[in-house]
Every structure is written in C-alpha cells, then in structure tokens.
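Have a look at the structure below, then the notes.
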Amino acid sequence: MPLTEQEKQEVVRYIEADKPLPDKFRFLLFEDKREVELVWNGKTSEVCNIVLPFQVIEQVDEPRAEKDTKRKDPQGLLFDLDIRGRQLKGWTNKLIWGDNKLILSSLKNGPLREEIEKQGGLKVIYIDPPFDVGADFSMDIEIGGDTFTKKPNILEEIAYRDTWGKGADSFIAMIYERLILARDLLAENGSIYVHCDWRMVGALRTVMEEVFHKRRKGDILNFRA
C-alpha cells in the first residue's frame with residue numbers, strides 16, 4: 001500500500017529520531033503479513049529478566065532410612081544424596097516463596113536454567129491464579145462470646161488478595177507476562193494447566209492461545225473452570 005507524502009515524512013522523522021515506528025505502519029508497510037493480535041491497555045512485549053538469589057530458609061525432607069540390604073534389585077537414585085538421604089543440589093523438590101514473576105524470571109535467566117534445560121524443560125505447569133472475584137480473604141473468628149474480624153496482614157494482602165480495582169486489562173497484563181515466562185521454561189512436549197472460573201476463563205483462554213500458539217500441535221492447554 002503506497003504511503004502518502006505526510007506518512008512518508010512521519011516515517012522519516014521517527015527514523016531520524018531513532019524511535020520505533022507506531023503500530024499503524026506495520027500494516028501500511030507490510031500489508032501482506034498482517035496477523036490477528038490481541039490488544040489491551042498496558043500490553044507490552046517487555047518481560048521481566050531480573051535474577052534474584054534463592055536463599056535456603058528451611059529443609060523439611062526426611063533423612064533416607066537405612067538401605068535395605070536384602071533387596072536384590074535396589075532402586076537407583078535420581079538425584080545425588082548425602083549419607084542422610086538429603087538432596088545435595090538441583091532445582092527439584094523445592095518450595096520457593098516470593099513473587100511468582102520474580103521466581104519465574106530467576107529460573108529462566110539464572111543459574112538453574114541450565115539444569116532445567118538438561119532435563120528438557122518443565123514437563124507440567126499448573127497455575128491457580130486469582131479469579132478477579134473481589135475477595136480480600138478477611139475472616140470472622142469467634143473467641144468466647146465475641147466475634148473478631150481477622151484482616152490479612154500485608155504479606156497475605158499482596159499474595160492472596162483477589163481484587164482488581166484497575167479493571168480486567170490490568171489482570172490480563174499481570175497474567176500475560178507470567179505466562180510468557182512460564183512458556184519459556186516449558187518443555188517442547190510439556191503441558192500447562194490453568195485453574196480459573198467463569199469471570200476470566202474466556203479472556204485467559206484467548207491470551208493463552210496467543211502466548212502458546214507457536215507450540216507444536218498436541219500440547220495441552222487445559223482449563224478448569
């Protein structure tokens with residue numbers, strides 16, 4: 001499609017200023033390569049690439065029992081263990097506390113990425129994001145004959161609140177970046193499961209089709225509503 005003189009001058013100004021062209025020029029300059037694309041307020045192609053160190057706070061794995069010398073076919077070990085049966089290293093069998101975006105970014109860009117890739121990537125991802133139900137997870141507690149309302153503390157409020165005052169677009173922007181990070185950790189033949197309800201299932205399904213549409217046929221995009 002030929003550009004008008006005004007559009008040509010506008011393109012030149014952007015190029016001289018070393019600025020990216022507005023989206024409209026994608027369709028004017030490359031008309032034969034149009035694609036269907038989702039757009040919402042706050043959508044961006046930028047993805048978090050922060051790498052934070054993981055600090056061990058507690059180990060709860062129980063020591064391995066004494067080896068059964070009577071077994072003729074002792075079971076092989078999948079991971080390196082010390083004499084107590086505790087896993088020495090690796091990225092498996094961990095409960096990681098923190099913002100899931102920062103955790104995913106650290107797994108994707110940090111030193112554990114190599115170990116994950118050696119195993120072919122993550123085989124299964126299950127996420128249970130907020131449903132946008134408007135709940136703040138406060139609760140009433142009865143003590144004696146009195147009733148007290150237990151408000152969530154600051155950590156609970158950040159981690160578990162299910163209110164989205166900025167609207168559905170802010171919810172989609174939040175989950176979109178996390179899905180991209182999860183996709184880059186998922187194995188080629190891996191599966192991702194998403195738990196949501198009727199409020200956001202339509203939007204989430206559409207967003208996931210955009211994020212995962214280039215994965216090979218046969219991958220599972222499963223929704224539980």
Would you mind checking K43/K101; K19/K101; K43/K94 for any pair whose Cα atoms are more than 20 angstrom apart?
-> K19/K101; K43/K94
Using a 1.4 angstrom probe with every protein chain in place, what is the largest-first accessible-area order of I192, I50, I15?
-> I15, I50, I192
If ligands, DNA and RNA are left out, what is the accessible area of I57 with a 1.4 Å probe, given in Å² to the nearest 10?
-> 150 Å²
With label points built 7 Å along Cα→Cβ from the Cα atoms of T149 and E7, find their separation and express it in nm.
-> 5.7 nm
Accessible-area ranking of E46, E7, largest first, probe 1.4 Å = E46, E7
Label points 7 Å out from Cα along the Cβ direction at D99 and Q119: separation in nm?
-> 2.6 nm
Can you tell me the FRET efficiency between V51 and I141 if r is taken as the Cβ-Cβ distance and R0 is 45 Å, rounded to the nearest 0.05?
-> 0.65
May I ask you to derive the FRET efficiency for Y14 and Y193 from their Cβ-Cβ distance with R0 = 41 Å, giving the value to the nearest 0.05?
-> 0.45
So how do E58, E210 rank on accessible area, 1.4 Å probe, biggest first, that is with the largest at the start?
-> E58, E210
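The values are calculated or read from the model by the stated rules, or taken from the named source; none is laboratory data. What you are looking at is a predicted structure, and each value in this text was computed from that prediction instead of being measured. With ideal geometry, Cβ positions are generated from the backbone for all residues, glycine too; neighbour counts draw on all protein chains shown. Just the protein is used for accessible areas: all its heavy atoms, side chains included, with ligands, DNA and RNA removed. Shrake-Rupley method; radii C 1.70, N 1.55, O 1.52, S 1.80 Å.
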